[in-house]
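The values are calculated or read from the model by the stated rules, or taken from the named source; none is laboratory data. Predicted model, so just to flag it, every value in this text is computed and none were measured. Methodologically, a virtual Cβ is constructed for each residue, glycine included, from the backbone with ideal geometry; neighbour enumeration extends over all protein chains shown. Each accessible area value is taken on the protein alone, full model and side chains, heavy atoms only, with ligands, DNA and RNA left out. Shrake-Rupley method; radii C 1.70, N 1.55, O 1.52, S 1.80 Å.
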Amino acid sequence: SAEPEELLEHYLWTVLARYGVISRSILEREGLRVPWRDLLRLAWRLEARGEIQGGRFIDGMAGEQFALPEAARSLRNVLKTPAQGELIRVSASDPAHLSGIALPGGPRLPALRGNLALYRDGALVAWMQGGEPGMISGTAQEQSRWLSALTGRATPAGLTGTGPRERQTLTKARHP
């Protein structure tokens with residue numbers, strides 16, 4: 001049987017592998033009742049050993065954040081990349097969907113079939129909940145494009161799904 005410290009470390013590495021970044025709000029999304037203070041002490045030790053990095057990696061996410069070195073590099077590189085209008089549609093049950101949970105903006109979408117979030121260059125712009133669309137803001141033309149992207153009635157230029165590349169893009173995305 002594993003010791004509590006070993007289980008805690010396993011859990012921390014599992015969450016870091018899933019998201020690239022861990023914070024209290026991401027821990028809350030996971031739904032397991034692991035005390036943040038315990039993970040925080042462990043994260044500080046791992047940071048001191050150079051295994052992870054501490055800092056502010058995702059704007060709008062409150063509190064201390066820790067990231068895998070490759071995730072930290074990727075997030076820093078996003079700031080250097082000009083926005084291209086890329087749309088990414090994500091199921092509300094996908095771990096990549098953090099708006100309203102760990103990030104400000106938009107509703108907290110229940111992880112139910114059919115609930116979707118639509119991101120443009122990593123920022124939430126629209127969602128579908130219980131068959132009803134919602135939008136952050138935008139021109140009539142943008143909102144029409146977003147509705148098409150959510151409903152799948154037409155595939156707007158630049159819309160991608162949630163495969164591995166898109167998850168990486170979303171994970172390192174800009175947030176307002």
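Determine whether S91 is surrounded by fewer than 20 Cβ atoms within 10 Å (Cβ to Cβ), among the small types (G, A, S) and either out of contact with any Ser or Thr (no Cβ under 9 Å at 6 or more places or on another chain) or closer than 20 Å to I22 by Cα (or both).
For S91, the condition - surrounded by fewer than 20 Cβ atoms within 10 Å (Cβ to Cβ), among the small types (G, A, S) and either out of contact with any Ser or Thr (no Cβ under 9 Å at 6 or more places or on another chain) or closer than 20 Å to I22 by Cα (or both) - is not met.
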Does segment 53-84 hold any residues that are assigned to a loop (DSSP other than H, G, I, E, B), modelled with pLDDT of 85 or more and among the small types (G, A, S), and which are they?
G63
For the subset of segment 101-115 comprising residues that are open to solvent by 40 Å² or more (accessible area, probe 1.4 Å) and among the aliphatic types (A, V, I, L, M), which member is modelled with the highest pLDDT?
L112
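Quick test for you: out of R73, R49, R29, pick the one residue that is over 18 Å from L7 (Cα atoms), under 14 Å from the mean Cα position of the chain (by Cα) and open to solvent by 20 Å² or more (accessible area, probe 1.4 Å). It would help to see each step written out before you state the result.
Values: R73 fails: under 14 Å from the mean Cα position of the chain (by Cα); R49 fails: under 14 Å from the mean Cα position of the chain (by Cα).
Only one candidate qualifies: R29.
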Would you mind stating whether L46 is more than 28 Å from G138 (Cα to Cα), in contact with a Leu (Cβ under 9 Å, 6 or more places away or on another chain) and not hydroxyl-bearing (S, T, Y)?
yes
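If you check G85, G20, G63, G54, which single one turns out to be on the phi > 0 side of the Ramachandran plot, surrounded by 15 or more Cβ atoms within 10 Å (Cβ to Cβ) and touching a strand residue (DSSP E or B) at 6+ places or on another chain (Cβ under 8 Å)? I'd like the intermediate steps shown before the answer.
Numbers: G85 fails: surrounded by 15 or more Cβ atoms within 10 Å (Cβ to Cβ); G63 fails: surrounded by 15 or more Cβ atoms within 10 Å (Cβ to Cβ); G54 fails: on the phi > 0 side of the Ramachandran plot.
Result: G20 is the single residue among G85, G20, G63, G54 that is on the phi > 0 side of the Ramachandran plot, surrounded by 15 or more Cβ atoms within 10 Å (Cβ to Cβ) and touching a strand residue (DSSP E or B) at 6+ places or on another chain (Cβ under 8 Å).
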